[in-house]
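Nothing in this text is a laboratory measurement; each read-out follows from the coordinates by a stated rule. No experiment lies behind these values; they were computed from the predicted model shown. Cβ placement follows ideal geometry from the backbone for every residue including glycine, while neighbour counts extend to all protein chains displayed.
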Amino acid sequence: MTEMLPVLAVFLPMLGGVLVFLLGCGPRNAWSVLTVMLSLTPSLLLVQQVAAVGTVEHHLGGWAPPLGIRLMADGLSALMILLTAVVGGLVSMHALGHFAERANAARNFWVLWPLLWGSLNALFLSADLFNAYVTLELVTLAAIPLVLLAGSAQAVNAALRYLILALFGSMLYLAGVALVYGLIGTLDMQLAAERLSGAGWVLDLAAALMVTGLLVKAAIVPFHLWLPDAHGGAPAPVSALLSALVVKAAVYLLLRLWSGPLFEPLSQPAAAWLLAGLGVAAILYGSVQALRQRRLKLVVAYSTVAQLGYMLLLFPMAGLLAWQGVIYHGVAHGVAKAALFLAAGNILYQLGHDRIVDMRGSGSVLAISFGCFALAGVSIMGLPPSGGFLAKWLLLQGSLQAGAWWLALVILAGGLLAAGYVFRVLRAAFQVPDPDAEEKLPEVRHIGAMMRWPMLLLALTAIGLGFAGEPLLTLLGDVPGRLG
Amino acid sequence: MIYQALPLWTLMTSLVAALVVFAAGESRHRLRITVNLAAAVFKLVLVGVMLLGVLRGDLFLVSFTILPGLDLVFHADALTLLFTTLSAVLWLVTTVYAVSYLEQRPNRARFFGFFSLCVAATMGIATAGNLFTFFVFYELLTLATWPLVVHNGWPKAMAVGRLYLRYTLGGGAVLLLGIVALNALGVPGDFLAGGSLDGLEKTHPGLVYGIFLLLLLGLGVKAAVVPLHVWLPNAMVAPAPVSALLHAVAVVKAGAFGIVRVVYDVYGLEVMAELHLGSLLAVVASITIIYGSLKAIAQTDIKRRLAYSTVSQVSYIALGVGLGSPYATIGGLVHLVHQGLMKITLFFCAGNFAETHGVHKISELNGIGRRMPWTTAMFTLGAFGMMGAPPMAGFISKWYLGMGALQAEAYWVIPVLLASTALNAIYFLPLLYRAWFGRPAAEHEPAGMAEARPGLLVPTLCTGLAALGAGVLAGMPLSPLSWVTFIVGQEYGG
């Protein structure tokens, strides 16, 4: 049974999606809940397995590479699968409440989201380039229609832009994969390591194409254009999943490939610094944009653009601390961002709008939603006690040890800018309403437990990650050779 | 194990109180007040037990591994107890005051929740066993005080809140850089008597010097060292109990306490002297003392004058620490407690004036002594203490600082102390004169005595008399002075 876990983690969620497609959500969402269970169980068991025995491998159908497909779960995969399970599980619960009044959207959500879940797991388990490509496509193709569930004209535009840019990214990546295959005749990452001898310019080109493709999918500045509207316009649970997990998947693949043998030519300092430069640009540009947005969900979306930038700072630093810092940042950001989007979604639902200027004085009525926003915000700002703080600590230490002190300054500046946009929202909540204003606050809609608890639990997890560094980093394990 | 982890329990007491208050919601006033007072009393008991334990030489230490090679450490040494005792006592008093002050005002659950969280952060700062732990609670304090500063939600308060965050979060970032830099050089920053640099000053003297500047810059923001003090007078927009708590206990003391920890327990006096960091600190502190007093004279608002007085007085602590001689250390450390007692009294009084008669400006104080004799008497005690008049607590601090300056052969400090006393007299005496002897303007004709309500007056009396007692009874065992002498005995190895 245990050797089948990687397979089950991929196919059980998809099976659930098919189930809902055929039977609908079921009475009282029975099939939706069953789907969540089907998805959670193998994921968590697999994580436990990796924690207990180390890397788990599975050859699909018993065929070893290069003929067959290899699934592999190491510490990094396990951590990402765990993140997906925790965020996915709680956002699923929120979705049950969120889509309660929209049966049609609910059904589409419960078909697409399990498909996305299975695809994400598959991506994290992929051990060869082509498989990674297929799963990355699956992730994108499941994610885009989820944006459409908002049902507005803007959502259609946003989804279309997402689709076009994502396809562009895929094309670049696939071209790179084709070049590698033509060059060495295998796509398995381990086998490739053995066959590579003397990298020529073709391999350089292939690597550059693949990196660029992934940057587009990860919405790294200047390829971020599709993200704010898609993430800001989607329904709250979808925004949470996209920002917390989907863009993270592309970054994951980038880190995975970078630490493998194929990208050796790119590990030259110039390439590493170029990527870090993009990261710096993302941090500064995304934060400044977040400060300027008028709508709450767009603030949170631009914050994602900024936060993804931190993950690219790894390349010139390398070393164990930076590696741990970047991965921990990814995990902490995933949890905190999901909490932020659920809180923003709840505020939008309760007030009927998400214009920040018009939120004046709503803090006392929407105390729980704003409270969760604040808790998750602590992690985004990288202030203690939170997961974001531990990540910042590791990254700072990594940058100082690598002698890249100016990256440390960027990291600190990014934290202060984040404080700017988080507190801008909280300021609106604390300010008393203008007594001369003609309009009083509108009636506030009530949110049920299903929409309140996931937000609260995610926000508390974001804080709790500030105390969980030791076990999670033990699970992650050592830095892969080329990044050490 | 449970006994050894007492530092953690004192922290948890306030933290749990905060969570209960948040969860109970706005309408359950009685539950909230009960929880607040019960937690404050319980914490006082815990601190008392810990105090006796430290005196006996018991070891209090508990730690959790947060990251590989990085621990969250809580401990209690004599210095810890100096700060925790002060906080625990003043928390109880301020809670009583705040309950009465905020009667009938909105958002009380939020206020008391963050209020307790502030105290939890202060406890964390006091019991932190290394720089990492200290920083965690130092930043938590920023986060927990912001909602209190902007509590009333007026546009002015929101603008001040923004200023407050710019200074404190900016300072926090600089402090973090300094702490991480030490860690990257292999010094975990444990708080050990005598310092924990482990010879780093020999191998990297330049870096050690630079890192000290970073740490001082970061801590100096909260300690309101000139020119990083700007946030403090502006923060006066907050409700009176917040001003009292922020100025007497939490924020400024967190900064000052951090400086004490860095100087004695991370760098150590030898390194401080070797790199001439002590004299640097003393000079910066002296400038702040004089500048704060000069600015105080120019203020017309009572709370703002008190705030500038705080700027000036808190730097006595840094001055004593910077001089580094045993007597100066006693003077500086004992001022941590003495200034707390005196300044909280003054702010309570200012709150009483404002709350009872709407008096905010110094010019409106005329004749208030006849209407509010008790409050004015306590204000007088506090003011004389600030000037350093015997037998008030402030005199003890100044006496030891002066002796310490002579001991350290830093004779230039004596004129600074004298000037500070003179300036304090200049900005406090006219105020007292108005209050007791001034003739009220016609439209404010006094109609007999009208004291503050008991909930406001009793805490004021307690702290005012404590400030007097700390001076008169300074020779008694367990007085702030005796305790500080005990600490200094340990730091200087008997």
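Amide H contacts under 5 Å for residue B:190: B:131, restricted to partners 5 or more places along the chain or on a different chain, H placed in the peptide plane at 1.01 Å from N. Relative to the longest principal axis of the Cα atoms of chain B, the long axis of helix B:373-387 lies at roughly 40 degrees. Could you check how many percent of all C-alpha pairs in region A:281-484 are farther apart than 23 Å? Cα-Cα pairs of region A:281-484 separated by over 23 Å account for 45 percent.
Can you give the local net charge around residue B:73? Use residues other than it whose beta-carbon is closer than 13 angstrom to its beta-carbon, Lys and Arg +1, Asp and Glu -1. Could the numbers behind the result be given before it?
Values: positive: B:261; negative: B:71, B:77, B:190, B:265.
My count for the surroundings of residue B:73 gives -3.
Entry note, chain B: relative contact order of 14 percent, from Cα contacts under 8 Å with a spacing of 6+ residues.
Here the Debye sum runs over all C-alpha atoms of chain A as equal scatterers in vacuum, and log10 of I(q)/I(0) at q = 0.06 Å⁻¹ comes out as -0.24. The gain in end-to-end length when the residue B:472 to residue B:370 segment is fully stretched comes to 34.0 nm, 0.36 nm per residue minus the alpha carbon separation. Need the C-alpha centroid separation for region A:58-97 versus region B:210-262, integer Å. Measuring centre to centre over Cα atoms gives 49 Å.
From least to most packed, judged by other beta carbons within 10 angstrom and beginning with the fewest, B:118, B:462 follow the order B:462, B:118.
If you plug the beta carbon distance of residue A:413 and residue B:202 into 1/(1 + (r/R0)^6) with R0 = 35 Å, you get a FRET efficiency near 0.60. Residue by residue, region B:334-351 carries 3J(HN,Hα) couplings of 5, 5, 3, 7, 4, 4, x, 5, 5, 6, 5, 4, 4, 6, 4, 4, 4, x Hz when phi is fed to the Karplus relation 6.51 cos²θ - 1.76 cosθ + 1.60 (θ = phi - 60°); x denotes Gly or Pro.
Couplings 3J(HN,Hα) for region B:208-222, derived from phi with the Karplus relation 6.51 cos²θ - 1.76 cosθ + 1.60 (θ = phi - 60°), are 4, 5, x, 5, 4, 4, 4, 4, 5, 4, x, 6, x, 4, 6 Hz, where x marks Gly and Pro. Backbone N atoms of region B:230-255 closer than 18 Å to the 7 Å Cα→Cβ label point of residue B:363 are not found in any residue.
Spacing of the modelled spin labels on residue A:364 and residue A:3, each 7 Å from Cα toward Cβ, amounts to 6.6 nm. Once the chain from residue B:465 to residue B:414 is taken as fully extended at 0.36 nm per residue, the excess over their C-alpha distance is 15.5 nm.
Going 7 Å from the Cα of residue B:31 along its beta-carbon direction, which residues of region A:360-389 have the amide nitrogen within less than 17 Å of the resulting point? In region A:360-389, the label zone of residue B:31 (backbone N under 17 Å from the point 7 Å along Cα→Cβ) covers A:367-368. The angle separating the long axis of helix A:30-53 from the principal Cα axis of greatest extent in chain A is about 50 degrees. Its Kirkwood hydrodynamic radius, worked out from the mean inverse distance over all distinct Cα pairs, puts region B:62-111 at 14.0 Å. Reported to the nearest whole Å, the Cα centre-to-centre distance from region B:354-374 to region A:279-325 is 53. All C-alpha pair distances within region B:39-179, sorted into 10 Å bins from zero, spread as 11, 33, 34, 19, 4, 0 percent across the bins.
A P(r) calculated from all alpha carbon pairs of the protein assembly as shown, with 10 Å bins opening at zero, reads 2, 12, 20, 22, 18, 13, 8, 4, 1, 0, 0 percent. Between residue A:225 and residue A:63, the FRET efficiency estimated from the beta carbon spacing at R0 = 56 angstrom works out to 0.85.
Backbone geometry of region B:468-482 corresponds, through the Karplus equation with coefficients 6.51, -1.76 and 1.60 at θ = phi - 60°, to 3J(HN,Hα) couplings of 5, x, 4, x, 5, 9, 4, x, 6, x, 6, 6, x, 5, 5 Hz, x marking Gly and Pro. Distance between the pseudo-spin-label points of residue B:163 and residue A:55 (7 Å out from Cα toward the beta carbon): 5.9 nm.
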